[in-house]
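Engineer: Okay, here's the structure, questions in a sec.
The values are calculated or read from the model by the stated rules, or taken from the named source; none is laboratory data. Computed from a predicted structure; not experimentally measured. Here Cβ is always computed from backbone atoms with ideal geometry, including for glycine, and neighbour counts include all displayed protein chains.
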Amino acid sequence: MEKRWTLNDFEIGRPLGRGKFGHVYLAREKKSNHIVAMKVLSKSQLKKSQVEHQIRREVEIQSHLRHPNILRLYGYFYDQTRVYLILEHAPKGELYKELQRRKYFSERRAATYMSSLARALIYLHGKHVIHRDIKPENLLLGAQGEIKIADFGWSVHTFDRRKTMCGTLDYLPPEMVESVDHDASVDIWSLGVLCYEFLYGVPPFEAKEHSETYRRIRKVDLKFPSKPIVSSAAKELISQMLVKESSQRLPFNKLLEHPWIVQNADLSGIC
Ligand code: AMP
């Protein structure tokens, strides 16, 4: 049986950060001495912003995942005014701050992150979960600098249609048969955008106006600046992920075999 946690089980320490709906604190589980990150969400804030379903989905999905590059959610509890999420502590904090500090990453570092993320997304998609919100703000760094996917607020669980629709498969139209793969490929696109941002320090379709960004995305208006200097192998990989036709995007298992990844990524995920 799963343990029912209460605030009494934890000693709350210094604040780690502040999110939209509450604060995150360093905390220690008293019995085991285990260090965790405690996310404290205000129920009234969640209600006001109508995101209760989003949090519930986040908890349901994230608590079942076990992967070195996915932030663990150990459990949750609540009292009258707050919801508490017991999360794995990521001691090196937010990836986007690291990117801000360095402006852009080396090819070795970028390839290592890409390889870790591709393996985490293969695992996730294997569980029929699509993250749908891969971006620097949702990535944290572990004690060794290894990347961790956090924030499953936008993720969805696509149920296994082959199992649930057993017997009625004959009547499914192509868009239903294909939709799981199709949906999952949104994460390939996001990973392509992320790879570009790692190497150039800015996202590929950035523009002054929102409407211009939309236009550039629709056209896949992908340009590679001359500086910083980036290898043609990296540019080729990005171009293979940022493809308009979703079925034509490079699958993650192929990404792992790409020469740029093979030659640059550190398989330990440490950088
Ligand atoms: P969030 O509400 O998830 O946006 O979290 C707010 C801030 O708290 C983040 O920007 C991080 O700086 C910090 N934070 C959140 N979760 C963790 C964690 N598991 N480990 C370390 N820091 C965290």
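Engineer: Inspect the range 201-214 for any residue being under 17 Å from Ile122 (Cβ atoms), surrounded by 13 or more Cβ atoms within 10 Å (Cβ to Cβ) and modelled with pLDDT of 95 or more and give the result as yes or no. Show your work before the answer.
Structural biologist: Of the residues in the range 201-214, the ones under 17 Å from Ile122 (Cβ atoms) are none.
Checking the range 201-214: not a single residue is under 17 Å from Ile122 (Cβ atoms), surrounded by 13 or more Cβ atoms within 10 Å (Cβ to Cβ) and modelled with pLDDT of 95 or more.
Engineer: Anything in the range 112-140 that is in a loop (DSSP other than H, G, I, E, B) and within 20 Å of Gly201 (Cβ to Cβ)? List them, or say none.
Structural biologist: From the range 112-140, those in a loop (DSSP other than H, G, I, E, B) are 127-128, 131-135; that's our starting set.
Result: Ile134, Lys135.
Engineer: Could you pull out the residue among Ile55, Ile12 that is surrounded by fewer than 17 Cβ atoms within 10 Å (Cβ to Cβ) and within 15 Å of the ligand (Cβ to nearest atom)?
Structural biologist: Exactly one residue qualifies, and that residue is Ile12.
Engineer: Sticking with this one: Restricting to the range 91-121, name every residue that is within 17 Å of the chain's Cα centre (by Cα), of a type in the set (Lys, Arg) and within 16 Å of the ligand (Cβ to nearest atom).
Structural biologist: Hits for the range 91-121 are Lys92, Lys97.
Engineer: Would you list the strands (runs of 3 or more DSSP E) that sit entirely within the range 1-111 and hold 3 or more residues that are at pLDDT 95 or above and within 28 Å of Cys271 (Cα to Cα)? Spell out the reasoning first.
Structural biologist: Details: elements: 10-18, 22-29, 35-42, 73-78, 82-88.
Those strands (runs of 3 or more DSSP E) span 10-18, 22-29, 35-42, 82-88.
Engineer: What about Glu245, is it modelled with pLDDT of 95 or more and either more than 16 Å from Ala111 (Cβ to Cβ) or surrounded by fewer than 16 Cβ atoms within 10 Å (Cβ to Cβ) (or both)?
Structural biologist: No, not satisfied.
Engineer: May I ask you to list pairs of residues, at least six apart or on different chains, whose Cβ atoms are under 7 Å apart, with the first in the range 21-34 being farther than 22 Å from Gln45 by Cα and the second being of a type in the set (Gly, Ala, Ser) and more than 10 Å from the ligand (Cβ to nearest atom)?
Structural biologist: Ala27/Gly13; Arg28/Gly13
Engineer: Restricting attention to the range 112-158, and to residues there that are of a type in the set (D, E, K, R) and buried (at least 17 other Cβ atoms within 10 Å of the Cβ), which single residue is modelled with the lowest pLDDT?
Structural biologist: Of the range 112-158, the ones of a type in the set (D, E, K, R) are 119, 127, 132-133, 135, 137, 146, 148, 151.
Narrowing the set further to residues that are buried (at least 17 other Cβ atoms within 10 Å of the Cβ) leaves 119, 146, 148, 151.
On the way: Arg119: 97, Glu146: 97, Lys148: 97, Asp151: 83.
Among those residues, the one meeting the criterion is Asp151.
Engineer: Determine, yes or no, whether Tyr84 is within 16 Å of the ligand (Cβ to nearest atom), without any contact (Cβ under 8 Å) to a residue 60 or more places away in the chain and of a type outside the set (Gly, Ala, Ser). Don't jump to the end; show me each part of the working.
Structural biologist: Values: within 16 Å of the ligand (Cβ to nearest atom): yes; without any contact (Cβ under 8 Å) to a residue 60 or more places away in the chain: no; of a type outside the set (Gly, Ala, Ser): yes.
In short, no.
Engineer: Which residue is farthest from the ligand (Cβ to nearest atom), if the candidates are limited to the range 134-155 and must be more than 8 Å from the chain's Cα centre (by Cα) and aliphatic (A, V, I, L, M)?
Structural biologist: The initial filter retains those residues of the range 134-155 that are more than 8 Å from the chain's Cα centre (by Cα), namely 136-137, 140-147, 153-155.
Checking which are aliphatic (A, V, I, L, M) leaves us with 140-141, 143, 147.
Details: Leu140: 6, Leu141: 9, Ala143: 11, Ile147: 13 Å.
Residue satisfying both the conditions and the ranking: Ile147.
Engineer: When you check Val40 against the structure, is it more than 11 Å from the ligand (Cβ to nearest atom) and not basic (Lys, Arg), yes or no?
Structural biologist: Criteria not met by Val40.
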